[in-house]
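A short write-up of the structure that comes next.
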Amino acid sequence: MEIEFRIALTEQDAADADPLLDEVEVALLLDSTRAQFRQHIQQRLGALTCDAHQQAPKVIVEGTYSLATEQLDVSYSIEACCNTMTMRAAALLSRM
């Protein structure tokens, strides 16, 4: 299974702000966040493959981290070989 991360840093309103985290700390924070997402996705989807096409889904995690507010907003999307596989993967990821 492939997991792709697209997390961008934004400096919106950062001109007046004194960020609490420096560049190294932000990099460590984002690395840790990626690792946690990867672990969660792998736990939920495991070795899931499509019964019809024998392909695993691709999960894309997108988001932005605001340096000004130190807030991370993320969402995910799933690319799969067919709608059935997309629905299966989405259901497993959405389960509590």
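Only the coordinates and a few stated rules stand behind these numbers; no lab work does. Remember, predicted model here, so these are calculated numbers, not experimental data. Counting neighbours? That spans all protein chains shown, and the Cβs are built from the backbone with ideal geometry, glycine included.
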| How far is helix 23-45 tilted off the main Cα axis of the chain, in degrees rounded to 10, range 0 to 90? | 20 degrees
| note | Only helices counted: for the chain, with every DSSP H run of 4 or more residues adding -39500 (n - 2.57) and the sum spread over all residues, [θ] at 222 nm is -12500 deg cm²/dmol
| query | In degrees between 0 and 90, to the nearest 10, how far off the longest principal axis of the chain does helix 83-94 point, with axes built from Cα atoms? | reply | 50 degrees
| task | Could you point to the label whose value was computed as Cα Rg over 2.2 N^0.38 Å for the structure here, given (1) 1.31; (2) 1.03; (3) 1.85? | result | (1)
| message | Once you keep just the Cα pairs under 8 angstrom separated by 6 or more residues, what percentage relative contact order results for the chain? | response | 38 percent
| query | Longest segment of the chain with no GluC sites (Glu not before Pro) in a DSSP loop having at most 13 other Cβ atoms within 10 Å? | reply | 12-69
